[in-house]
Amino acid sequence: MPAVTQSQVHEIEERLAHREAELRTRVREAKEAQAERPGASGTHVEDLAEEGEQRFRNGIEHVELMRDQEELTDIVATRERIADGSYGECIDCGQDIAPQRLQAQPTATRCLICQGAYEKKHGTTLRYTT
């Protein structure tokens, strides 16, 4: 395993487990809330402004759910990299990812230089966890 110590990996695994449990709870609750909510056509609203506000809230909830599910996917992928010994290795250049970066962003897959190049090439930060 690259520059990260076993102690740091253990701490990161604990943080990932805690975050995963938190996210799974949020995702489950969001899905339950969606299931209980009447369909858009069945929602009673007083006026068009209220309907617009409800649609906006539903859209925000959907985006938050998708973000949480994406983060769960990143956590699973991180655990796989830990298991196969590639955790802490940049997926682009193969160099070690700085331990400070992994402490700040445990699911990071690129070193800072490659992440910057990736974002510049793609014009935006597509995923905050890479």
As a check on your grasp of the helix formula, calculate [θ] at 222 nm for the chain: sum -39500 (n - 2.57) over DSSP H runs of n ≥ 4, divide by the residue count, round to the nearest 500.
-> -22500 deg cm²/dmol
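Can you tell me the length gained on complete extension of the stretch LEU112 to SER86, counting 0.36 nm per residue apart and subtracting the Cα distance?
Details: separation 26, 0.36 × 26 = 9.36 nm, distance 1.70 nm.
Stretched fully, the LEU112-SER86 segment lengthens by 7.7 nm.
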With charges set only on the Cβ (+1 for Lys and Arg, -1 for Asp and Glu), what does the dipole of region 6-122 come to about its Cα centre, in debye to the nearest 20?
-> 380 debye
Out of PRO99, GLN54, VAL76, whose Cα points farthest toward the positive end of the dipole of region 6-122 (charges: +1 Lys, Arg; -1 Asp, Glu; placed on Cβ)?
-> PRO99
Loop sites in region 61-130: chymotrypsin sites (Phe, Trp or Tyr not before Pro), DSSP, at most 14 other Cβ within 10 Å | TYR128
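Just so you know, all these numbers are worked out from the coordinates, no wet-lab data involved. All values derive from a computational prediction rather than experimental measurement. Here Cβ is always computed from backbone atoms with ideal geometry, including for glycine, and neighbour counts include all displayed protein chains.
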